[in-house]
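Okay, so here's the structure we're looking at.
The values are calculated or read from the model by the stated rules, or taken from the named source; none is laboratory data. Just so we're clear, the structure is a prediction, and the values are computed from it rather than from any experiment. Here the Cβ is made from the backbone with ideal geometry for all residues, glycine too, and neighbour counts use every protein chain on show.
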Amino acid sequence: MISVKALRAAGFSPEAILKVLEIEQEERLAAVREGNRIRQRNHRARNAVTHDKRDKRDRKTAWPADFIPDPSIALALGWSTEKVNLEIQTFKSHATAKGYRYIDWPAAWRNWVNSPYQQKGNGHGQTPPRPGSRDDLRERNARARDQLKDFARGGSEAGGSDDGWLPFTAPKRP
């Protein structure tokens, strides 16, 4: 920026100083406009790249009224008809409650069925307890009690081997 003091010291008249300051102001405005034009151009270029993503977002739909998940996918995994019907209802309830929107609902159903979370459990819709949890301890203790009861009733093995896993020797029966 040119200083007015420097222009006065150079011998410029007040009209010339005013003219120089106006020219400098116009140059600054032109530089700002050029920067804005470049930023606008770059912004448009970035949006052109993400335009496809926006189109996909626009094509996503909530649960379609005519969509029925294909049960053959789940039946091929060995699920019972009752479990398949229950999972279809669960999938629909979950998707509508959460407000999920998908482009491809059949693919969402396939992902639901093939999810590793669907494969967990003991076949009765229950997942095994977390190792070390209270429930896990309770189950292991119950199994050990059942093995002891079986042994006490005269079962041939205690714990699956004849060498004995008990810390004591069981008394001989008459």
> Which of the residues belonging to region 70-103 are assigned to a loop (DSSP other than H, G, I, E, B) and loosely packed, with under 12 Cβ neighbours inside 10 Å?
Replying inline: Gly78, Ser80, Gly99
> Looking at (1) among the polar types (S, T, N, Q); (2) surrounded by fewer than 11 Cβ atoms within 10 Å (Cβ to Cβ); (3) over 29 Å from Thr90 (Cα atoms); (4) modelled with pLDDT of 80 or more, which is the only condition Ser156 fails?
Replying inline: (4)
>> Among the residues in region 33-55, are any in a loop (DSSP other than H, G, I, E, B), surrounded by fewer than 10 Cβ atoms within 10 Å (Cβ to Cβ) and at pLDDT below 90?
In response: no
